[in-house]
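Accompanying notes for the structure given below.
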Amino acid sequence: MRIDNAQIHLWQLDQSDFDLPSVQDACLSWLTEAELLRYHRFQFDRHRKQLLLGRILMRAALSNYDNSISPEAWIFTYNAYGKPQISTEQNSNSLYFNVSHSAQKVVLAVSRCADIGVDLEFSDKQRRVEAIAHRYFAGSEVAQLLALPAEEQQIRFYELWTLKEAYIKACGMGLAIPLQHLAYSFHSGGKLALEFDTQRGDSESAWQLWQLEAGLDYKLALAAKTGAQAQPNKLVGWQMLSLDSIVGHQLQIIRSKQP
């Protein structure tokens with residue numbers, strides 16, 4: 001499988017398509033020692049299944065780009081904030097990735113852009129929207145959120161949250177970045193806008209951003225720091241139906257910010 005510099009591939013799987021005993025038998029050996037310890041510490045099968053399928057998707061997808069490395073042989077390193085990347089000795093193809101999971105879905109973004117982040121959230125869980133927004137969102141975002149009808153605030157909350165998470169995951173620093181230092185706004189024609197606080201020291205023009213359809217009760221966002229002179233990236237979708245079955249998946253973009 002080929003991926004060029006102007007593409008981002010988005011892989012997805014639905015946990016309901018997989019049986020835990022079967023994937024344990026086939027792929028539990030793919031986990032590292034640290035992952036196995038974490039796996040066995042989980043009390044509930046749903047948590048074990050989510051962890052295992054996340055690692056399966058990550059490893060199996062990467063082997064489609066470099067079939068000289070089997071899924072269980074990939075070696076990952078982690079930055080100071082825990083973001084994984086392919087080890088230097090294995091990354092001759094300059095591949096980068098980011099993974100997210102929530103409820104029954106797992107997503108993986110693969111790119112030749114090092115600063116790539118994806119976030120998926122199950123959006124049917126009720127949140128204390130106003131309290132969380134005041135704590136984590138920029139003032140302009142809070143004002144726009146609370147101006148919406150009450151029945152729309154929960155939707156907008158998850159849209160903003162996934163966009164912010166995708167950005168901080170792309171930066172590889174997680175919540176070490178204050179979420180108030182970046183503000184999103186939504187415009188007609190499916191346009192997204194991003195503005196940084198001066199304390200953030202980042203450039204809006206360097207980023208491409210997407211909100212994508214993810215099915216009922218899910219919100220999905222993708223962020224990539226491609227540089228101010230980059231051409232718009234093309235998104236390509238793949239769906240893993242089983243350990244042996246991968247099909248193309250049509251992606252539906254809701255909103256985006258591109259050059």
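The values are calculated or read from the model by the stated rules, or taken from the named source; none is laboratory data. Keep in mind the model is a prediction, meaning the values are calculated, not measured. Positions of Cβ are generated from backbone atoms using ideal geometry, with glycine treated the same way; all protein chains shown enter the neighbour counts.
For the stretch 142-160, which residues satisfy the criterion of being touching a helix residue (DSSP H, G or I) at 6+ places or on another chain (Cβ under 8 Å), touching a residue at least 12 places away in the same chain (Cβ under 8 Å) and either assigned to a loop (DSSP other than H, G, I, E, B) or not aliphatic (A, V, I, L, M) (or both)?
Selection gives Gln144, Gln153, Gln154, Arg156, Phe157.
Of all residues in the stretch 200-221, count the ones that are in contact (Cβ under 8 Å) with a residue 60 or more places away in the chain and either surrounded by 20 or more Cβ atoms within 10 Å (Cβ to Cβ) or part of a strand (DSSP E or B) (or both).
Within the stretch 200-221, residues that are in contact (Cβ under 8 Å) with a residue 60 or more places away in the chain and either surrounded by 20 or more Cβ atoms within 10 Å (Cβ to Cβ) or part of a strand (DSSP E or B) (or both) number 6.
What residue, among those in the stretch 48-89 that are part of a helix (DSSP H, G or I) and of a type in the set (Val, Ile, Thr), is surrounded by the most Cβ atoms within 10 Å (Cβ to Cβ)?
Ile56
Results for (1) out of contact with any Leu (no Cβ under 7 Å at 6 or more places or on another chain); (2) within 26 Å of Arg135 (Cβ to Cβ), shown as yes or no for each residue.
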position: Ala166; (1), (2): no, yes
position: Lys169; (1), (2): yes, yes
position: Leu194; (1), (2): no, yes
position: Ala206; (1), (2): yes, no
position: Leu212; (1), (2): no, no
position: Leu220; (1), (2): no, yes
position: Leu235; (1), (2): no, no
position: Leu241; (1), (2): yes, no
position: Gly248; (1), (2): yes, no
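List the residue pairs whose Cβ atoms are under 6 Å apart, where the first residue sits in the stretch 29-46 and is over 19 Å from Ala60 (Cα atoms), the second is among the basic types (Lys, Arg), and the two are 6 or more positions apart or on different chains.
Listed by first residue and then by second, the contacts come to Phe42/Arg48.
Residue by residue, here is whether (1) outside any helix (DSSP H, G or I); (2) of a type outside the set (S, T, N, Q); (3) more than 30 Å from Ser22 (Cβ to Cβ) holds:
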| site | (1), (2), (3) |
| --- | --- |
| Tyr184 | yes, yes, yes |
| Ala193 | yes, yes, yes |
| Thr198 | yes, no, yes |
| Ala223 | yes, yes, yes |
| Gly227 | yes, yes, yes |
| Val236 | yes, yes, no |
| Leu241 | yes, yes, no |
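May I ask you to list the residues in the stretch 218-232 that are of a type in the set (S, T, N, Q) and modelled with pLDDT of 95 or more?
Within the stretch 218-232, Thr226 is the sole residue that qualifies.
Checking Tyr96 against (1) touching a residue at least 24 places away in the same chain (Cβ under 8 Å); (2) in contact with a strand residue (DSSP E or B) (Cβ under 6 Å, 6 or more places away or on another chain), only one condition comes out false. Which one?
(1)
All but one of (1) buried (at least 17 other Cβ atoms within 10 Å of the Cβ); (2) in contact with a strand residue (DSSP E or B) (Cβ under 7 Å, 6 or more places away or on another chain); (3) of a type in the set (A, V, I, L, M) hold for Ala133; state the number of the condition that does not hold.
Here Ala133 clears every test but (2).
With the requirement that a residue be surrounded by 23 or more Cβ atoms within 10 Å (Cβ to Cβ) and hydrophobic (A, V, I, L, M, F, W, C), what does the stretch 152-167 give you?
Phe157, Leu160, Leu163, Ala166
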